[in-house]
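Structure record follows, encoded as structure tokens.
The values are calculated or read from the model by the stated rules, or taken from the named source; none is laboratory data. Computed from a predicted model, the values in this text were never measured in an experiment. Here the Cβ positions follow ideal geometry from the backbone for every residue, glycine too, while neighbour counts run over all protein chains shown. Areas reflect the complete protein model, heavy atoms only, side chains present, ligands, DNA and RNA absent. Shrake-Rupley method; radii C 1.70, N 1.55, O 1.52, S 1.80 Å.
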Amino acid sequence: MVAQVIVDVVHTNVAHPFSYLVPEGESVPVGARVSVPLGRRRVDGIVVELLEAPPDGLPPEKLRSIGAMLDDCPALLPPLLDLARELAAQAHCPLAETLRLMLPAAMRTGRVKRKKALYARLMPGVDAEAAAQAQRRAPKRATLLRLLAGGAPRAVKELEPLVHQPREALNALEAAGLIALEEREVFRAPEGEVDAALTQPPEWTPDQREALDAMLPALRRGEGAFLLHGVTGSGKTEVYLAMVAEALRAGRGAIILVPEIALTPQMVRWFRARFGPETAVLHSRLTDGQRCDEWRRIRLGYARVVVGARSAVFAPVENLGLIVIDEEHEQTYLSDKHPRYDARRVAMSRCAREGATLVLSSATPSILSFAMARRGDYTLVEMPRRVRGLPLPEVTVVDMRRELEAGNRSIFSQLLIERLGECLREGRQAMLFLNRRGYNTFVSCRSCGYVVKCERCDLSMTLHREPGGEEPGKLRCHMCGAERTPPTTCPECGSRYIRYFGSGTQRVEEEVRRLFPGVETVRMDIDTTRGRDAHAKLLDRFGRGEAQVLIGTQMIAKGLDFPRVTLVGVVAADMTLNLPDYRAPERTFQLITQVAGRAGRAGLPGEVIVQTYKPEDPCIRAAAAQDYRAFFEREFSRRRAGLYPPFTLLARLLVESPEEETARQTAERLYDVVRTYLLSHPAQKKRTLMLRADEAPVKRIRGQFRYHVLMKLFDHPDASPLLALLAELAGVEDGACTIYCEVNPATMM
Ligand code: ADP
Ligand code: ZN
Ligand code: ZN
């Protein structure tokens, strides 16, 4: 036999598979990781195909022998191998790169050791009590026999606190043939032991029942792709749990994707409570050891339910029955690292391949997914009511221009201050949302308009200082992290009228503490959540009621379910609305609806106050009315008129260089190359709108100047030769600059 091996070395010269001889009598399955000779080195690789004879007619004796298998079972399941092939074709990159997505990084680099522990177990047929009676002179042995009486193996470590220094006694019992001592693989669990108190499902609401009636039959048949549009608090999680339970009953596994585990600890808790140790968790904050162990638990079939972030879509679940994508509208499902992929598309392809059901779920579906549902790619399932007949929260839009006219210069409107006061007096909780961390958004000169910008990025710097702190604080660049002390006079004109504008989460926190002395607050933004468990600690503190006000960025918009929250304030809705991105209205609608959805989830009525300078904006009005359809129809026609996705594919070539002139000229040269290509391919030219080379929206990042060539493609297939050309142009190494190709990126800066 001849094995075709893709080596784990990313270089264009080794992108194709190499042939190795499988020695007589040995077998190496497809998907196995192996060690192979390459030139004078040994490298790791993955067997992607087995052939009877070398493909290029080479005599087999010329081939080198394949090395040992690196794991005890093939690392890659056949459907995942096919998925890697498909992704490589779509991303125009070597297979070795997409294969990397499928395995934990630490497993490839071999840094993680498998963990073993010594276990003791009673030999079958031994009567523990009788044997203990017989050990009257050796009380330690008697106690140990009684501890092992149940027959289940117990870790020696676990026995140590119960019996002082048990090793000698255990050895004696083993020598007497009463017990067995054995090394077993143990898994580093991300959150310790799972407690055994599994929960029962509640009685379903009529909406939940209808949704399940629509989806469960498809799950049983192993097919179907659904878009579940359920308002906030409609009990979508319970629908996922019921579907997973059904998949497990049929002997199949399930994957639940969530935007970010750290922000949805409640989701993991629900799954663990329902499915116990069958649940595995995969996310970026695990240690290498934990990630590898969870991955192995899944691969070996100990855990058949996976809750994880984007990359968990590649989890090695065998016999997959279901993939659920919670909050499907979140940008985190688009990977921003090479090779880029959209977890929603990958899930769709994986489900079709493996006969599994796909459920995309959201209170605010993305324009793209809702449009696909209308076209029939997904079956639309709706849950328009909250559980237990709870009303959706009341939303009031406050015009901040009026506040200013009335002499209120605070960042809070009169209404928000009043309602916050009432909420706190009644001992309830509030959440304040602001899409900007730090203290002030920017520092500028009132005389000449100078704005303090980062020296390496074309972006204004943000003031950070601790609430109540006396020091002037620090200006920080949110792009590259650079810091400087705020100037006291304008570096351009020398004026002393240098002032702070806008506000961030730190400022909001300080303002709340000033207005309501003695109130405890929790602030959640990137600055307060750097540690491994920081998110969980802050959320727990709020959950236990040790703080009354939770202040945060979009982090607090998702999935949180705190029953005592009755008031939600959106401090500045315009910040998202004014983003330089065609998706700004969509993001604003999603944020307001999602944040508003945090209020009034448990019987206490919820109220939401949205502060804005543009109260008449249709997107803010639709969000206030919580009218998804109105928002969708409007936004859909706007996208059609402006030739934005889903009507086109946005693609760009981005050039970065430390020299502005190099970046500009390279972009212009690329424009010419693409134009020349299109001129000789009229069929493609007709379906492409290309804009002239130009500065990127953020002209400089980390000292790199950025120019781009932007294109809108209509009706191009995935394997479009134009996209292949763009990928090829981006692949060229050129010392003076770096060229990237991006297709429908999550953000375009
Ligand atoms: P969503 O994800 O749709 O916003 P959740 O799944 O978080 O909503 O559910 C909201 C709340 O309703 C949770 O506290 C959940 O325990 C509760 N819940 C869900 N289903 C039911 C039900 N059938 N009966 C009573 N309470 C329910
Ligand atoms: Zn000035
Ligand atoms: Zn910077």
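Accessible area of the chain with a 1.4 Å probe: how many percent of it is carbon plus sulfur?
Looking at the chain in its full context, I get 51 percent from C and S.
Got a number for the accessible area of LYS236? Probe 1.4 Å, square angstrom, nearest 10.
LYS236 has an accessible surface of roughly 30 Å² with all protein chains in place.
Quick one: how many Å² of THR109 are accessible to a 1.4 Å probe, rounded to 10?
Rounded to the nearest 10, the figure is 80 Å².
Can you tell me the length gained on complete extension of the stretch ALA746 to ALA176, counting 0.36 nm per residue apart and subtracting the Cα distance?
Taking 0.36 nm per residue and subtracting the Cα distance, the gain is 198.6 nm.
Based on the Cα gyration tensor of region 133-269, what are the three equivalent ellipsoid semi-axes, each the root of five times an eigenvalue, rounded to whole Å and given largest first?
With the √(5λ) rule applied to region 133-269, the semi-axes are 49, 16, 14 Å.
Do you know the relative contact order of region 109-264, to the nearest whole percent, from alpha carbon pairs under 8 angstrom that are 6+ apart?
Relative contact order comes out at 22 percent.
First measure r as the distance between the Cβ atoms of ALA534 and GLN684, then evaluate 1/(1 + (r/R0)^6) with R0 = 45 Å and state the FRET efficiency to the nearest 0.05.
With R0 = 45 Å, the Cβ-Cβ based efficiency is 0.35.
In nm, to one decimal, how far is the modelled label at ALA641 from the one at GLU455, with both set 7 Å along Cα→Cβ?
Here the modelled spin labels are 4.6 nm apart.
If I histogram all Cα-Cα distances within region 613-696 using bins 5 Å wide from 0, what percent of pairs lands in each bin?
Whole-percent P(r) values from 0 Å outward: 3, 12, 15, 14, 13, 11, 10, 10, 9, 4, 0.
What FRET efficiency would be calculated for the residue pair CYS448, ARG137, taking the C-beta separation as r and a Förster radius of 60 Å, to the nearest 0.05?
It comes to 0.05.
Using +1 at the Cβ of each Lys and Arg and -1 at the Cβ of each Asp and Glu in region 177-306, identify which of PHE275, LEU227, TYR240 lies farthest towards the dipole's positive end.
LEU227
Compare HIS329, HIS283, HIS478 by solvent-accessible area with a 1.4 Å probe and give them largest first, with all protein chains kept in place. Don't jump to the answer; show the numbers that get you there.
On the way: HIS329 15, HIS283 35, HIS478 70 Å².
Largest accessible area first, the residues go HIS478, HIS283, HIS329.
Along the principal axes of its C-alpha atoms, what lengths does region 608-749 span, in descending order and rounded to whole Å?
Extents along the principal axes: 53, 40, 20 Å.
In what sequence, highest mean first, do 37-48, 255-266, 600-611 appear when ranked by Cβ atoms within 10 angstrom?
255-266, 600-611, 37-48
Please tell me the relative contact order of region 680-725 in percent, rounded to the nearest whole number, where contacts are Cα pairs under 8 Å and at least six residues apart.
39 percent
Treat every Asp and Glu Cβ in region 664-724 as -1 and every Lys and Arg Cβ as +1, leave all other atoms uncharged, and give the resulting dipole magnitude about the Cα centre to the nearest 20 debye.
220 debye
Please report Rg over Rh for the chain, where both radii come from the alpha carbon positions and Rh follows the Kirkwood definition.
1.01
Using θ = phi - 60° and the Karplus form 6.51 cos²θ - 1.76 cosθ + 1.60, what ³J(HN,Hα) does each residue of region 474-479 get, whole Hz, x for Gly and Pro?
9, 8, 10, 8, 6, 8
With a 1.4 Å probe and all protein chains in place, put SER19, SER361 in order of accessible area, largest first. The partial results should precede the final answer.
On the way: SER19 25, SER361 0 Å².
The most accessible residue leads, giving SER19, SER361.
Order of 114-125, 331-342 by packing, highest average Cβ count within 10 Å first? Please report the intermediate quantities before stating the final value.
Values: 114-125: 14.2, 331-342: 16.3.
With the highest mean Cβ count within 10 Å placed first, the list reads 331-342, 114-125.
Per residue, how much accessible area does region 271-383 have with a 1.4 Å probe, in Å²?
Ligands and nucleic acids excluded, the result is 31 Å² per residue.
Let me know the charge dipole size of region 1-105 about its Cα centre in debye, to the nearest 20, where only the beta-carbon of Lys, Arg (+1) and Asp, Glu (-1) is charged.
420 debye
Taking the Cα centre of each part, how many Å lie between region 339-410 and region 23-37?
A separation of 46 Å, based on Cα centres.
Would you report the distance distribution of C-alpha pairs in region 385-470 as whole percents per 5 angstrom bin, up to the bin with the largest distance?
3, 9, 11, 15, 19, 17, 9, 8, 6, 3, 1, 0
Hey, what's region 618-749 come to in accessible area per residue, 1.4 Å probe, Å²?
49 Å²
In the chain, what cysteines have no partner Cβ closer than 4.7 Å?
When partners are defined as cysteine Cβ atoms under 4.7 Å apart, the chain leaves CYS73, CYS93, CYS292, CYS351, CYS423, CYS480, CYS619, CYS737, CYS741 without one.
On a straight-distance basis, which lysines could pair with LYS537 in a cross-link, Cα separation under 20 angstrom, same-chain partners fewer than 8 positions away excluded?
LYS558
I'd like the Karplus ³J(HN,Hα) series for region 24-31: coefficients 6.51, -1.76, 1.60, θ = phi - 60°, whole numbers in Hz, and an x wherever there's a Gly or Pro.
Going residue by residue, I get 3, x, 9, 9, 10, x, 4, x Hz, with x marking Gly and Pro.
Any chance you could run the full-extension gain for ARG544 through ARG154? It's 0.36 nm times the residue separation minus the Cα-Cα distance, nm to one decimal.
That works out to 136.9 nm of additional length.
Show which lysines lie in cross-link reach of LYS157 when reach means a straight Cα distance below 25 angstrom and same-chain residues fewer than eight apart are skipped.
Filter leaves LYS113, LYS115, LYS116, LYS140.
Charges only on Cβ, +1 for Lys and Arg, -1 for Asp and Glu: so what's the dipole of the chain about the Cα centre, in debye to the nearest 20?
820 debye
In whole percent, what relative contact order does the chain give with Cα contacts below 8 Å and a gap of six or more residues?
10 percent
Report the Cα-based extents of region 250-406 along its three principal axes, largest first, to the nearest Å.
Per principal axis, max minus min of the Cα coordinates gives 65, 41, 38 Å.
Which order do peptides 415-428, 50-63, 76-89 fall in by mean Cβ count within 10 Å, highest first?
76-89, 415-428, 50-63
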